[in-house]
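Input: a single structure, listed below in structure tokens.
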Amino acid sequence: MRAPEVRGLGLLTGGPTPGEGASVLTLARPDRPGDRFRRATRECLLALAAVDAMLEDGKAAREAIAGERTALLYVTAAAYGASNRQFIERRGGVVHFAYTAPAVVPAEVAIEFGVTGPYGILIGGAPATLRAIEQAARLLETGTCDRALVLVVEIFEECADLYTTRRRYHGWPLVETAGCLWLEPGAGDLSFQSSRVVHGSSRAGGGERFAAAPVAQLGEWLGRSANGPLELSGRWRGEEARLRWSGVRSHARDGAA
Amino acid sequence: MTTPERVAIVAAGVVTPIGQDLEAFWSALVTGASGISQSERVEVADLRVQRGGEIKKIGRIKNWRGVPDCRATRLLIAAADDLCAQAAFRPLPLDPTRVAVVVGTALGGVEEGEKALGGDRGRRRLRDALYDAPAWDLARWLGARGPVVTVSTACASGATALAVGADLLRSGEADAVVAGGYDALCRFVLRGFNALRSLSRDAVRPFDRRRSGLLLGEAGALGLLMRERDVTGARLGTLRGYGSASDGFHIAAPEPEGRGLERAIRAALADARLAPGDVDFVSAHGTATPLNDRIETAALKRALGPRAYEVPVNSIKGSLGHTMGAAAALEAFMCLLSAQRGLIPPTLNLEEPDPECDLDYVPGRARPARPRIMLSTSMGFGGCNGALILEGA
């Protein structure tokens, strides 16, 4: 499959190095002015902040991603957990219904940035994100869109006590992450493979990031000024996925940076 | 432009409030049966509306041993059991590593989260509260060891799942895909819709002048998808195309002109390499909220042009309520059964036409017709719009 190239990457992460004994490295709730955001959950605001960071990385104005030629693919394993819990327990103020749904996170991005093209929402860990990048590549290859955004958000703080009972299922510490990847048609090759494994964990950059792990891996790779083919991989539940990707770097982005 | 690989829907299995297998579901639809009843399983005493399309007892599976005590999972597995019966398979007649599972849901196993946070810390409750847990349980039950994908495009999830399943076949990642959707009624979602005041105290009346909102339902709906060239026996029909588009307008309300749905319909027709004039029948999202039905009608008129007035358009949500993640898959299977059986189910409870909804909505009783190409539309929270193009066998 023809590989896309990375036009921009926004990555917000819960901490550069895990502290001794820290269980969850958290991201602060972004301050977003405007009455429209009075009901928005933390995961929604982090998604918007990740897109802002992506536009800054790509040295582009928000108009560059607006319109029906932009696809939006969102992935999370658990970012709805906090709002679901708050809604169930009615604690810490009111979470307004519909803000409990995973679909509202990309919806806030679509509303704020005027993205009205094809969309998809995958629930799962790192393999789901790698699959979303592959789906984005397919949409670009078939001309269904001109650019594709792959958005990931994972937050843990509000459910930290619940995760402690499930430590055998995932790595540690849990690192909150929000990221957005801006992909455009490229000239390299992309291949995706998935297989079954016994155990799943999505560690990257010194902690467990669930669906956000591949975006963190990509951020590290871009930050190292590395060249050549990139291999991203990740596990979740009983699946391991690998994405081999050449031609990752965009002249537009590197020139801008 | 090359034609995409054709994907067959070989068979389908369902569990719904109006029937717990495909034949019972179809019979109930064409005879105008209603699955709406007082909620008995969920505590609703403090809610404004206390009815829905509740399945009183999931009856198909005799032995639930090894299956988690999670209603969402059990709906999926009951639908899968019907699918296995319809398709006469299980164990799978294929290499298990080449069989994928793709399911759509708006709620996943959130009821397990309600139970866990309510003090029932059963060993699996929190694990099953994650939205992708039921899909993995289904894969285990089927013995499928290929990709397991969960999509959650709100109430368009079932359509997205069928499309993603077709993509897995076209890309060669799987040789067979069990795809569809599910959602269970639970206090979480009933409370939510109660707060939005979008539930009706009256009957669900899609496209009727008096329509006053929706009622929720629960269901599971799964299809067996294979590349058409790999299918040797009978099939239910073909998934010809899919389109999606985001409204980018509001979290809980559709865009007032239905532009997102219009884009999704156009994209689906383009994907199928078909024109509006090819469409013979439309299965509408038709929730019976005042906004949805008017907006959907307008979007159909713009996307299909004069053809919108020439084809029957129905909504089955009057019969079973809005089954959320299962709705689009159920409606897709209804389309294929219509083509196969030569009968289009009526839009239940449509009695007084609305001047703003002026298409042919099949009121009253089932109508003899044998559509070949069918459009099925879906809209969901967050401005998710999906459209499927289906072809009868």
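The values are calculated or read from the model by the stated rules, or taken from the named source; none is laboratory data. All figures in this text were calculated on a predicted structure; none of them were measured in a lab. Because the Cβ atoms are built from the backbone with ideal geometry, glycine has one as well, and the counts that use them run over all protein chains shown.
Just to be sure, is A:ASP146 more than 21 Å from B:GLY158 (Cα to Cα) and in contact with a Lys or Arg (Cβ under 6 Å, 6 or more places away or on another chain)?
Numbers: more than 21 Å from B:GLY158 (Cα to Cα): yes; in contact with a Lys or Arg (Cβ under 6 Å, 6 or more places away or on another chain): yes.
In short, yes.
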- The number of residues in the range B:112-128 that are surrounded by 24 or more Cβ atoms within 10 Å (Cβ to Cβ) and more than 8 Å from every other protein chain (Cβ to nearest Cβ) is 2
- Message: Go through (1) assigned to a helix (DSSP H, G or I); (2) surrounded by 24 or more Cβ atoms within 10 Å (Cβ to Cβ); (3) facing chain B (nearest Cβ under 7 Å) for A:ALA78 and report which single condition fails.
- Response: (1)
- Message: Quick check on B:ASP69: is it more than 14 Å from chain A (Cβ to nearest Cβ), surrounded by fewer than 24 Cβ atoms within 10 Å (Cβ to Cβ), farther than 24 Å from A:ALA211 by Cα and over 21 Å from the mean Cα position of the chain (by Cα)?
- Response: yes
- Which residues, taken from the range A:107-127, are at the interface with another protein chain (Cβ under 7 Å from one of its Cβ atoms) and assigned to a helix (DSSP H, G or I)? A:ALA107, A:ALA110, A:ILE111
- Hey, A:GLU89 facing chain B (nearest Cβ under 9 Å), without any contact (Cβ under 8 Å) to a residue 60 or more places away in the chain and not hydroxyl-bearing (Ser, Thr, Tyr) or not: yes
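Working only within the range B:321-348, note down all residues that are of a type in the set (D, E, K, R) and over 9 Å from the mean Cα position of the chain (by Cα). Lay out the reasoning, then the answer.
Taking the range B:321-348 and keeping what is of a type in the set (D, E, K, R), we get B:331, B:341.
Within the range B:321-348, B:ARG341 is the sole residue that qualifies.
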- Message: Looking at A:GLU68, A:GLU43, A:GLU56 in this structure, which one is surrounded by fewer than 19 Cβ atoms within 10 Å (Cβ to Cβ) and acidic (Asp, Glu)?
- Response: A:GLU56
- Item | Every residue from the range A:204-229 that is closer than 16 Å to A:GLU176 by Cβ, in a helix (DSSP H, G or I) and small (Gly, Ala, Ser) | A:ALA211, A:ALA212, A:ALA213, A:ALA216, A:GLY219
- Message: Here is a check on your reading of the model: is B:ARG140 basic (Lys, Arg), over 28 Å from B:ARG187 (Cβ atoms) and assigned by TED's automatic domain parsing to the domain that holds B:LEU224?
- Response: no
- Looking only at the range A:79-98, and only at residues there that are under 17 Å from A:ARG29 (Cα atoms) and of a type in the set (Gly, Ala, Ser), the one that is modelled with the lowest pLDDT: A:GLY92
- Message: Can you find, within the range A:146-159, the residue that is modelled with the lowest pLDDT among those that are touching a Phe, Trp or Tyr at 6+ places or on another chain (Cβ under 9 Å) and among the hydrophobic types (A, V, I, L, M, F, W, C)?
- Response: A:PHE156
- Task: Scan the range B:77-100 and give yes if some residue there is closer than 30 Å to A:GLU108 by Cβ and either modelled with pLDDT of 95 or more or facing chain A (nearest Cβ under 7 Å) (or both), otherwise no.
- Result: no
- Which of the residues belonging to the range B:129-157 are within 22 Å of A:TYR80 (Cα to Cα) and either assigned to a loop (DSSP other than H, G, I, E, B) or at the interface with chain A (Cβ under 7 Å from one of its Cβ atoms) (or both)? B:LEU130, B:TYR131, B:ASP132, B:TRP136, B:VAL148, B:VAL149, B:THR150, B:VAL151, B:SER152, B:THR153, B:ALA154
- Note on the structure: The lone condition B:GLU5 fails out of (1) in contact with an Asp or Glu (Cβ under 9 Å, 6 or more places away or on another chain); (2) surrounded by 20 or more Cβ atoms within 10 Å (Cβ to Cβ) is (2)
- Pick from B:LEU107, B:LEU142, B:LEU83, B:LEU138: which is closer than 19 Å to B:GLY180 by Cα and either touching a Gly at 6+ places or on another chain (Cβ under 6 Å) or of a type in the set (Phe, Trp, Tyr) (or both)? B:LEU83
- Message: Condition check: in a helix (DSSP H, G or I), within 20 Å of A:PRO185 (Cβ to Cβ) and either modelled with pLDDT of 95 or more or out of contact with any helix residue (DSSP H, G or I) (no Cβ under 7 Å at 6 or more places or on another chain) (or both). Does A:LEU232 satisfy that?
- Response: no
- Query: Out of all the residues in the range A:160-177, is one or more at pLDDT 95 or above and of a type in the set (D, E, K, R)?
  - Reply: yes
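Conditions tested, residue by residue: (1) over 25 Å from A:ARG237 (Cα atoms); (2) touching an Asp or Glu at 6+ places or on another chain (Cβ under 6 Å); (3) crowded, with 24+ Cβ neighbours inside 10 Å.
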position	(1), (2), (3)
A:ALA101	no, no, yes
A:PRO106	no, no, yes
A:GLY117	yes, yes, yes
A:LEU122	no, no, yes
A:GLN135	no, no, no
A:THR144	yes, no, no
- Message: Among the residues of the range B:255-291, what is the count of those that are more than 12 Å from every other protein chain (Cβ to nearest Cβ), closer than 14 Å to B:CYS384 by Cα and touching a strand residue (DSSP E or B) at 6+ places or on another chain (Cβ under 8 Å)?
- Response: 2
